[in-house]
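The values are calculated or read from the model by the stated rules, or taken from the named source; none is laboratory data. This structure is a prediction, so every number in the text was calculated from the model and none was measured. Glycine gets a Cβ as well: all are built from the backbone with ideal geometry, and neighbour counts include every protein chain shown. The accessibility values were calculated without ligands, DNA or RNA, using every heavy atom of the protein model including side chains. Shrake-Rupley method; radii C 1.70, N 1.55, O 1.52, S 1.80 Å.
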Amino acid sequence: MSIKPRPKIVDLSEVEPNVRRGGDLRAMLTPATVGSTSGFMGVAIVQPGDRIGEHYHPYSEEFVYVVCGELEVDLDGEPHPLRPEQGLMIPAHMRHRFRNVGTAEARIVFHLGPLAPRPQLGHVDTEETEVIGAAAVMTEPAEAGAAHAAGRGRVRS
């Protein structure tokens, strides 16, 4: 007998911020938090002048919706403006980086699917992220050192 998944509401305040790659990333609806089986959803909060470091997803497409703020996204090195109420689909394997180019906080909702076979295989950093904008100030020294030592092209969760 299989267990039927139950709906679950997760509040943004319940999720710890991840600032290792720049911005404030919060994976809200995930296999660990809600038992999802086909993908996961979260919110990225990016302060003016801050960015989310370049990376790609080898197993997943990423769907992005801009809630507020003025962003620029590099897709395989080519910059594109992103404005509120715009959506973007990023194919698997495409390198991408987000920058807040405005004067106010930017927020994006993201969804990735399908899931990678293991979480640590789902995200590949393609640039060092030791110091990325304002969010890096919040990174603990040991974590920043580990990020620096990891180098380019490291697979991370």
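In the condition set (1) open to solvent by 20 Å² or more (accessible area, probe 1.4 Å); (2) over 15 Å from the mean Cα position of the chain (by Cα), Leu82 is compliant with all but (1).
Of the residues making up segment 1-30, those that are surrounded by 14 or more Cβ atoms within 10 Å (Cβ to Cβ) and out of contact with any strand residue (DSSP E or B) (no Cβ under 7 Å at 6 or more places or on another chain) are Val19, Arg20.
In summary, strands (runs of 3 or more DSSP E) completely within segment 81-145 and bearing 3 or more residues that are modelled with pLDDT of 85 or more and of a type outside the set (D, E, K, R) occur at 87-90, 96-100, 106-113.
If you go through segment 37-57 and pick out every residue that is open to solvent by 30 Å² or more (accessible area, probe 1.4 Å) and outside any strand (DSSP E or B), you end up with 5. Exactly one residue out of Glu62, Glu70 is open to solvent by 60 Å² or more (accessible area, probe 1.4 Å) and modelled with pLDDT of 95 or more, and it is Glu70. Of the listed requirements (1) assigned to a loop (DSSP other than H, G, I, E, B); (2) within 13 Å of Leu115 (Cβ to Cβ); (3) small (Gly, Ala, Ser); (4) modelled with pLDDT of 95 or more, Ala27 misses just one: (1).
Remark: pairs (first residue in segment 54-66, more than 9 Å from Ile90 (Cβ to Cβ); second residue among the polar types (S, T, N, Q); Cβ separation under 8 Å; 6+ apart in sequence or on different chains) = Glu54/Thr126; His55/Thr126; Tyr65/Gln86; Val66/Gln86.
Scanning segment 48-102 for residues that are in contact with a Pro (Cβ under 9 Å, 6 or more places away or on another chain) and among the polar types (S, T, N, Q) yields a count of 2.
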